[in-house]
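First up is the structure itself, then whatever we jot down about it.
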Amino acid sequence: MSFGITKTIPAGRGPAGVEVLYDGSLTEFEFHMAGKPSKLKVGDYVYTIFNDQLVGRCRITALIGGTVNPDSGKPRTLVMVACPGERLAVPIPRQGHRGTRYYDGADWPAAGEG
């Protein structure tokens, strides 16, 4: 299993909002996480959910603290990931959510299975 977090890609971004993480058009992407992560580290993964399906994952390359949410003024961490990530051949049902949730990668297929 590979530890990480799940992030839901908003439906308003459409399929293109997910594809850019996996199609090679980007080399990195920035996710946001409220506060300071207590369990997350470089080398873990951001697992992406779109339309209630786990569709892929990207490896975390940097955690940048000391930033502030411009809307709320609360601290947040920038979670930088390498792209393109790994896309599942067959998405796995997983309910979307707001914010960030820790995830142990239990549903992710073993090497060569997905």
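Structural remarks
- Qualifying residue in segment 12-33 (condition: charged (D, E, K, R), surrounded by 11 or more Cβ atoms within 10 Å (Cβ to Cβ), in contact with a Gly (Cβ under 7 Å, 6 or more places away or on another chain) and on the phi < 0 side of the Ramachandran plot): no
- Looking only at segment 17-74, and only at residues there that are of a type in the set (Ser, Thr, Tyr) and outside any loop (DSSP other than H, G, I, E, B), the one that is farthest from Ala110 (Cα to Cα): Thr67
- Out of Tyr102, Tyr47, sole residue that is within 14 Å of Phe3 (Cβ to Cβ), among the aromatic types (Phe, Trp, Tyr) and touching a Pro at 6+ places or on another chain (Cβ under 9 Å): Tyr102
- Qualifying residues in segment 72-107 (those that are more than 22 Å from Ala16 (Cα to Cα) and without any contact (Cβ under 8 Å) to a residue 40 or more places away in the chain) - the one surrounded by the fewest Cβ atoms within 10 Å (Cβ to Cβ): Gly73
- Cβ-Cβ contacts under 7 Å between residues 6 or more apart (or on different chains), taken from a first residue in segment 4-21 that is at pLDDT below 90 to a second residue that is among the acidic types (Asp, Glu) and assigned to a strand (DSSP E or B), are absent.
The values are calculated or read from the model by the stated rules, or taken from the named source; none is laboratory data. The shown structure was predicted, so the numbers you read here are calculated from the model rather than taken from an experiment. Virtual Cβ from ideal backbone geometry, glycine too; neighbours counted across all protein chains shown.
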